[in-house]
Amino acid sequence: MEPTAEPPAPRRPWRRRLVILVVVLTVIGLLAPTLAAPFVRPKVVAALEESFGAKVELDGFTLDWPGSATLSGLRIHDGAGLDHLRAERAEVSVAVWAALAGRYRADVQVYGWAANALRRPDDTWSFSELGGEPEPDSEELPKESEPIDLRVAVTLNDGLVRIVDGDQEVTLELQVATIALEDLASPARYEARAQLELAGPVQVERASLVADGQFVLSPADGSGLSATATLNLLGVDLAWNDWVEKNLNAQVFVDYGGGRVQVGVEVESAMLTGQASGALTGLEAEQMFVEGLTGEFQYLPDAVGPLLAPYAPVTVSGSELEELRLSYDGPLGALTPEALLADATGSSSMQVGRIEAFGLDATGGLSLTLGEGRLSLGGDLVAGGGALSLGARYSQDGARLNLRVDGARATAGLAPLLGKLHPVFAGLDGVEGAGLDGLLVAELELGIDGAVPLSGITEGFDLSRVHGGGSIGLDDARLTGSPLLGNLLQTLGRPTETRLDLAPMAFSLDGGRVRYDEPWRWKIGDVATSFTGGVGLDGALDLEWHVPITAELVAKHKLLARLVGKQLSVPLTGTMSAPKLDWAGALKGLAGEALESVVKDKLGDKLGDVLGDKLDLDAILGGGDAAAILAEADRLWTAGSQAEAKTLYQALREDHKLTVVYALNKTRIKDRSQ
């Protein structure tokens, strides 16, 4: 039985080419530099093109004794307009005598260089095409047991790397970078130490980073490579955040091996102090995963707040360091809500300096947990001098929100929320000089069944899916800038600074409408009133204001004098932005009742004795279509069609003279019918 042949050694064509290039330069060093340069230049270009698998251009090439060469105007490109690498000058020095003994040593100095990395539409990077075609099978390569004694040191001076990925662009400016390549057959070990400056657009603003670091790529156990890297941040400059320190002390540690990247971060500064660590797996799969990410930090809210501002509907501030803890295990990258909820677990807890939302200033602790298909948020805060408890849960089955406020001082910032319950508060946030003060007591339980976008409820969302209920009350309140409240106060004859007491009212939400489960009692100064009905989440109003008949109402409508103490129910219709109190409809019914009382008391018996059964008080007081005719006549008159309106006013005088409608509007009807 024939022995099994040993498998061929791994093929590393680029290594072989590098060895050939160094050998060629060694031979060049032994030749007369001036005589050899014209002959050698095309050989060098050809060797570089073969090594990089790209087009190479040289503006100048000179040789010096012993074993050094200078390349000027070096350009490596794809032949279609993209430069992989440009360099103003590259100086190569080869230890000639060591090379004759089989020890290859080379030093490369590159000046004024620039490299480009571009992600193409097919999701490949431009540099992936570098390296040339594989070597033919017939060529022999050194085996692992026959290492090549080759050491190359490359120093990059004053260069930059430009990375373009779609509409994002980042530029790395390297002041000095040294790379050491040695023991190429083991396989290779690279060492790089660099001082670099990062400048480029981050999100929609500009940022710059100054750092130095070290990178080492070395053999791993078995096959493959392992890598370690450290990065020391020396300064960060974010154009939108004046709080970020220019001399931030931070270190980033990266350790790669066996398809796994272990990452650690340590930060120490006035704005953020702490550490985090974790691992990345699945680097070669379609989806990468984070394993065992944990972190503990102290942060300065005044510095972090501006960073959160574009993404959070709250304002974060505070001049004292606060605690932040986090953990996460799950997928990384662009995620769907389904993938996040199904595959990830994590938690976060933080103390907040000051959070301002909807006019409430709150401080306390918040916690976030992710697991078992749910994302939950909770916290107990001190808000506006009172207590605020928050609980929210999100899953693919729907979302839930629980909120409790006890004794928080209300401000005009709450108007957008309170405006969903009553039109008195609607639009206050857009009125100059508007104000709201009072002690808020509220409980809220809301739910949405079915999938909800993580971005929240946006335009076009079916509000009928929202259901729940709660209660709300506002004690010792002052409200200014509300046109509707001004109308209510004028009706009651009360000054604009009148105090309001809104008793707690239970409500329910279903089918896109808020329904008052009980009358909402409003004490306006010393007058007890209430509201019943409901409002739509689309702003439609279906309310009634129940107000006692007072001396102030009697002064305006003397026919109501006999009804003092009774309730007047005024329809409140229209929309939140344009509410309408239907006084005419409300007064007509009560005025008819008052007039009926007067007629029956003073005339009924006497007329009855004279006319007997011919007296029809219901016809006198009802008026048939008189109210509709009067409304149309008033509309035409206001619209400028006085001639048409005059005809209707005359009809009222001739055909409806004995109705309550005519009696209440007699003067106007007579004047406009002339």
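Of note:
- Which numbered condition Ser389 misses (of (1) open to solvent by less than 30 Å² (accessible area, probe 1.4 Å); (2) at pLDDT 90 or above): (1)
- Extreme residue, modelled with the lowest pLDDT, among residues of the stretch 296-321 that are small (Gly, Ala, Ser) and open to solvent by 30 Å² or more (accessible area, probe 1.4 Å): Ala312
- Candidates are the residues of the stretch 36-90 that are outside any strand (DSSP E or B) and basic (Lys, Arg); the one that is surrounded by the fewest Cβ atoms within 10 Å (Cβ to Cβ) is Lys43.
- Whichever residue in the stretch 519-528 is in a loop (DSSP other than H, G, I, E, B) and open to solvent by less than 70 Å² (accessible area, probe 1.4 Å) and, among such residues, is farthest from Asp582 (Cα to Cα): Gly525
- Contacts under 8 angstrom Cβ, first residue in the stretch 400-413 being in contact (Cβ under 8 Å) with a residue 12 or more places away in the chain, partner open to solvent by 60 Å² or more (accessible area, probe 1.4 Å) and among the small types (Gly, Ala, Ser), 6 or more apart: Gly407/Gly385; Ala408/Gly385; Arg409/Gly385
- Among residues that are more than 30 Å from Ala410 (Cβ to Cβ), hydrophobic (A, V, I, L, M, F, W, C) and part of a loop (DSSP other than H, G, I, E, B), Ala270 is included.
- Taking the listed residues Val170, Val152, Val161, the one that is outside any loop (DSSP other than H, G, I, E, B), modelled with pLDDT of 70 or more and touching a helix residue (DSSP H, G or I) at 6+ places or on another chain (Cβ under 8 Å) is Val152, with no other qualifying.
- From Gln251, Gln262, residue being open to solvent by 50 Å² or more (accessible area, probe 1.4 Å), at pLDDT 85 or above and closer than 24 Å to Ser327 by Cβ: Gln262
- Given (1) surrounded by 17 or more Cβ atoms within 10 Å (Cβ to Cβ); (2) at pLDDT 90 or above; (3) out of contact with any Asp or Glu (no Cβ under 7 Å at 6 or more places or on another chain), number of the condition Ser367 does not satisfy: (1)
- Test: residue in the stretch 499-515 that is free of Cβ contacts under 8 Å to residues at least 24 places away in the same chain and farther than 24 Å from Ala434 by Cβ: yes
- Enumeration of residues in the stretch 324-364 that are among the hydroxyl-bearing types (Ser, Thr, Tyr) and modelled with pLDDT under 90: Thr336
- Breaking point among (1) in contact with a helix residue (DSSP H, G or I) (Cβ under 7 Å, 6 or more places away or on another chain); (2) without any contact (Cβ under 8 Å) to a residue 24 or more places away in the chain, for Leu492: (2)
- Residue check for Asp380: in contact (Cβ under 8 Å) with a residue 12 or more places away in the chain, open to solvent by 70 Å² or more (accessible area, probe 1.4 Å) and touching a helix residue (DSSP H, G or I) at 6+ places or on another chain (Cβ under 7 Å): no
- Filter result for the condition that a residue is surrounded by 17 or more Cβ atoms within 10 Å (Cβ to Cβ) and more than 24 Å from the chain's Cα centre (by Cα), over Leu293, Leu280, Leu272, Leu324: Leu280
- Residue ranges of helices (runs of 4 or more DSSP H) in the stretch 567-674 with at least 1 members among the β-branched types (Val, Ile, Thr), at pLDDT 85 or above and buried (at least 17 other Cβ atoms within 10 Å of the Cβ): 666-673
- Given (1) out of contact with any strand residue (DSSP E or B) (no Cβ under 7 Å at 6 or more places or on another chain); (2) open to solvent by less than 60 Å² (accessible area, probe 1.4 Å); (3) of a type in the set (Asp, Glu), number of the condition Glu338 does not satisfy: (2)
The values are calculated or read from the model by the stated rules, or taken from the named source; none is laboratory data. Nothing here was measured: the structure is a model prediction, and the numbers come from that model. So basically every Cβ, Gly included, is an ideal-geometry build from the backbone, and we count neighbours across all protein chains shown. Just the protein is used for accessible areas: all its heavy atoms, side chains included, with ligands, DNA and RNA removed. Shrake-Rupley method; radii C 1.70, N 1.55, O 1.52, S 1.80 Å.
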